[in-house]
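See below for the structure under consideration.
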Amino acid sequence: MNAGQDLRRPPGSHSADCLQHVRWPARAQQLIETSYSLCVEGLHEPVRHCLREFERQLFTLADHAQRSDEQHKCFASRQCVLQGQNRLAQSFMEQVGKGLSELDRTADPSAEASAEVTPWHTLELLDPSVQEISMALEQVGARGDTRHRRALYELGYRLAVLIGSPPLEGPGLPLGPYALAKAFQHASTELGLALEHQVLLLQHFDRSVLPALAGLYSAINLCWQSDGILPQLRSVPAPRHVNRHSRPGMPEATPASEPAATESASKPQGGGPGEDSIHVLESLRDLLAQRRGGQRMATGEIAGQVASEDELQLALGALQQHLAQVTDHASRELRSAGRLREELLAQLNLGQPADAPRTQLSSEQGDTVELVAGLFEQLGQQLQHGGNARSLLHNLQLPVLRVAVADHSFFEKRDHPARQLLDTVTAVANDWLDGSDDESNRPLATKLEQLVNRANQEPPSAGLYTTLLADIEHHLALLTRKAQAAERRHVEAAQGRERLDQARHRAGTLMAERFAQSPPRGLLRALLDRAWSDVLALTLLRHGEDSAAFRTQLAITDQLLGRLPTPDHLQLQQEVESGLQQIGMHAQEAVQVAQRLLGAGTQESAVELPSATDLALRLKQHQRLGEQHADPAPAPASPAVKSVKPAAVAKATTLSPPAPETGLPAVDPRELHIEQHLRKLPFGSWFEFVDPTSGQIARRKLVWYSPISGRCLLVSRRGQRGEEMSMAQLAHEIASGRACEVPAESESLLDRAWRSFTGNLRQSAALARSAKPVESRHR
């Protein structure tokens, strides 16, 4: 098979290529090639969905990683998946075709017998990674065999008839769950993933691909059965008719119980998408009826004509156009459950005579309208920011309602395209749009508005929402990569500044030791304090304290202080000039300082030199190494972070409180306890800062902090650096109530809204049930 071919195209040459070495009759060859074509068609979308979910979880793991190496590993695996997903899907289908082409070898008993009696020539230790992958494959295969046991039973017998072998089962069945999982794992080795990510990918294969095998096995069995391969094969033995004597105390089976048993047995036992349905919509409708204090009304009990699905879709389309023309305030009022129902009825009966029967919504249609309106109300309450986020959510309500009315699986399938789009748009608007008109928000806000407008203008379909979801996910991936790159730059800059501070501290300590023995004055003191200490720090950073270069600079320091003899004044002057130029001083100014200090130049040049006082003043005004006149602009929309008071800045950055004799105010023990907790948090923890004046909330992520100085780095969602702050200052903000830690959420925004909505329904239904006995007693 060629890498550029579409795996879903009809079988043809690439099917023949995969099965070209087989030695079966023409009819068996044709049926096996047909089964392979069904595999290519049936496994394409589940494998794509598996890789998408795996890529999303890798991003989530990277976002919540506690260490930077774990985060980089997750990002590296995610990048490998994004770049190699097409190659993986192609290789997977090649492995499946290879398994079918080797059916004769797998089913040959003599080959298995000879393999079993082959003596061991070498002994080796078991690789733990191989063992872990083998265990994961066995678990996936066992769960798949249990889930599809009936379909696999028929498939194994029919395939055995085709190739003339004993019945195939377990690992010997090339289209079985174990064989498919092994083929997928073999294909995924080309990505070079870490061991834990390989196991995680197999888990996603179990969740995404194995449920879809029910339809594939059913299609293959039906194809072979229609072609005369064991057409009377029964996967379940017929029940034997035996005389059952009723035991004392045990009721005999009544005829009324037989239909229920028959109905239960007729339900599919597999794990396919349409199997074992939990009937979420029906359960929610029951809760709505209980909240109203009665039973659900049947369609025949509704007075008037019930709207058809096409009429309801037309009414919803007309209502969409109407809501696009009204004001935002009126639009919000019309999106409530009661007003939305009234507007739909008005659209359904628009233009009808006054004496004509009124068109009504069916009980199911009315409940669907109420459920979608309640869900969007809960989503609106979950949003953190106003403005664009709420406006986008409101504009998505009617398109989602049109999908929910036409496709009830919207309530039951978490991977429904419309549901995934709603979840993604809500999460992006909530996390990335901060409610301001900042320039960085406009491209994303424009993209989301275009997406929502397209959802409102085009007819609802699964293909439309899949396309929109892929579009917004691509845009979000670009934003995420930019944010990650900016975040890494800020972390590297903070780490470099921390190393520079440590080097300057060490250089200052060495200078202080020498000043205590021979204190300098005038220009020499200014040079050593303001410039030469930076030369020592830079050399310490580049070469280390034990290097020859650093010992040379210390020797120059001692020569300037007169602690060591100076054999060559001209060479010392050149060394001083070179060192000063390394820290950014202009060459002419460095020469003037060295000549004025050492006097190694000519008499004519010394007359033209500035005075020592003037040079000392220039050195004091000279910019220190690592300092900036104007720091880069911090992340916008962070007024809460800017509210850090100078008193908090003055606090000590160490955990130990200051001694009483220093005169400094005592540190609050609660702040010390909070700071100890903050130092144990992993990188990637989120905090919310509240502006006390406007109440605006800004979220910042802790991406780095220094255990030595206590300085921490907070960035926005886009990777923009926030205001500089120490761990002690952050603890003070938390203790003052202007900041708080945001706990990690295991559920998405939509899942939390669903849980809150269904919880409110259950609570209201319970209150309604408990109120009924009270009313009956009063009567």
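Here is how the numbers come out for the structure above:
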item	result
Among residues of segment 286-311, those that are of a type in the set (G, A, S), closer than 25 Å to D355 by Cβ and at pLDDT 60 or above, counted	3
Residues of segment 390-413 classified as without any contact (Cβ under 8 Å) to a residue 60 or more places away in the chain and farther than 14 Å from N456 by Cα, total	5
Segment 705-723, residues that are open to solvent by 20 Å² or more (accessible area, probe 1.4 Å), at pLDDT 85 or above and either under 27 Å from the mean Cα position of the chain (by Cα) or charged (D, E, K, R) (or both)	Y705, R711, R717, R718, Q720, R721
Selection status of L615, modelled with pLDDT of 85 or more, under 24 Å from S518 (Cβ atoms) and more than 49 Å from the chain's Cα centre (by Cα)	no
Segment 548-585, subset outside any helix (DSSP H, G or I) and among the charged types (D, E, K, R), residue least open to solvent (accessible area, probe 1.4 Å)	D568
Condition met for S35 (crowded, with 16+ Cβ neighbours inside 10 Å, at pLDDT 55 or above, of a type in the set (S, T, N, Q) and in contact with a helix residue (DSSP H, G or I) (Cβ under 6 Å, 6 or more places away or on another chain))	yes
Segment 753-779, subset aliphatic (A, V, I, L, M) and at pLDDT 85 or above, residue nearest to S706 (Cα to Cα)	A753
Of all residues in segment 40-82 being open to solvent by 50 Å² or more (accessible area, probe 1.4 Å) and outside any helix (DSSP H, G or I), the one that is nearest to L200 (Cα to Cα)	H64
Checking S726 against (1) in contact (Cβ under 8 Å) with a residue 60 or more places away in the chain; (2) within 23 Å of the chain's Cα centre (by Cα), the condition it does not meet	(2)
Subset of segment 176-185 (residues that are over 12 Å from M93 (Cβ atoms) and not basic (K, R))	G176, P177, Y178, A179, A181, Q185
Residue match in segment 313-330 (condition: in contact with a strand residue (DSSP E or B) (Cβ under 6 Å, 6 or more places away or on another chain), open to solvent by less than 80 Å² (accessible area, probe 1.4 Å) and at pLDDT below 85)	no
Among residues of segment 507-517, those that are of a type outside the set (A, V, I, L, M, F, W, C) and in contact with a helix residue (DSSP H, G or I) (Cβ under 9 Å, 6 or more places away or on another chain), counted	2
Tabulated pairs, segment 689-718, first charged (D, E, K, R), second assigned to a loop (DSSP other than H, G, I, E, B) and open to solvent by 50 Å² or more (accessible area, probe 1.4 Å), C-beta under 7 angstrom, 6+ apart or interchain	R699/R717
Candidates L702, L750, L730 - the one that is assigned to a helix (DSSP H, G or I), of a type outside the set (G, A, S) and at pLDDT 90 or above	L730
Search result, residues across segment 87-107 that are surrounded by fewer than 19 Cβ atoms within 10 Å (Cβ to Cβ), more than 31 Å from the chain's Cα centre (by Cα) and either at pLDDT 85 or above or within 14 Å of K182 (Cβ to Cβ) (or both)	K98, E102, T106
Selection count, segment 737-747, where residues are part of a loop (DSSP other than H, G, I, E, B) and modelled with pLDDT of 85 or more	3
Breaking point among (1) among the aliphatic types (A, V, I, L, M); (2) farther than 29 Å from A477 by Cβ; (3) open to solvent by 30 Å² or more (accessible area, probe 1.4 Å); (4) at pLDDT below 85, for I697	(2)
Of residues in segment 141-167 being of a type in the set (A, V, I, L, M, F, W, C) and over 41 Å from the mean Cα position of the chain (by Cα), the one surrounded by the most Cβ atoms within 10 Å (Cβ to Cβ)	L159
Segment 170-222 - residue that is without any contact (Cβ under 8 Å) to a residue 40 or more places away in the chain and small (G, A, S) and, of those, most open to solvent (accessible area, probe 1.4 Å)	G170
Members of segment 430-470 that are open to solvent by 40 Å² or more (accessible area, probe 1.4 Å), within 18 Å of the chain's Cα centre (by Cα) and touching a residue at least 24 places away in the same chain (Cβ under 8 Å)	D431
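Residues are listed down the side, and each one gets a yes or a no for (1) modelled with pLDDT under 80; (2) among the hydroxyl-bearing types (S, T, Y):
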| site | (1), (2) |
| --- | --- |
| T118 | yes, yes |
| S134 | no, yes |
| V140 | no, no |
| R150 | no, no |
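Residues checked against (1) within 23 Å of A616 (Cβ to Cβ); (2) in contact (Cβ under 8 Å) with a residue 12 or more places away in the chain:
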site	(1), (2)
Q495	no, yes
Q502	no, yes
H505	no, no
R514	yes, yes
L527	yes, yes
D534	yes, yes
G544	no, no
A548	no, no
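Listed here are the residues, each with its yes/no results for (1) outside any helix (DSSP H, G or I); (2) surrounded by 15 or more Cβ atoms within 10 Å (Cβ to Cβ); (3) hydrophobic (A, V, I, L, M, F, W, C).
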residue	(1), (2), (3)
H474	no, no, no
T509	no, no, no
A526	no, yes, yes
W532	no, yes, yes
V535	no, yes, yes
D546	yes, no, no
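The values are calculated or read from the model by the stated rules, or taken from the named source; none is laboratory data. Worth saying up front: this structure is predicted, and the values here are computed from it rather than measured. For neighbour counting, all protein chains shown are included, and Cβ atoms are generated from backbone atoms with ideal geometry for every residue, glycine included. To get the accessible areas, we keep the full protein, side chains included, count just its heavy atoms, and leave off ligands, DNA and RNA. Shrake-Rupley method; radii C 1.70, N 1.55, O 1.52, S 1.80 Å.
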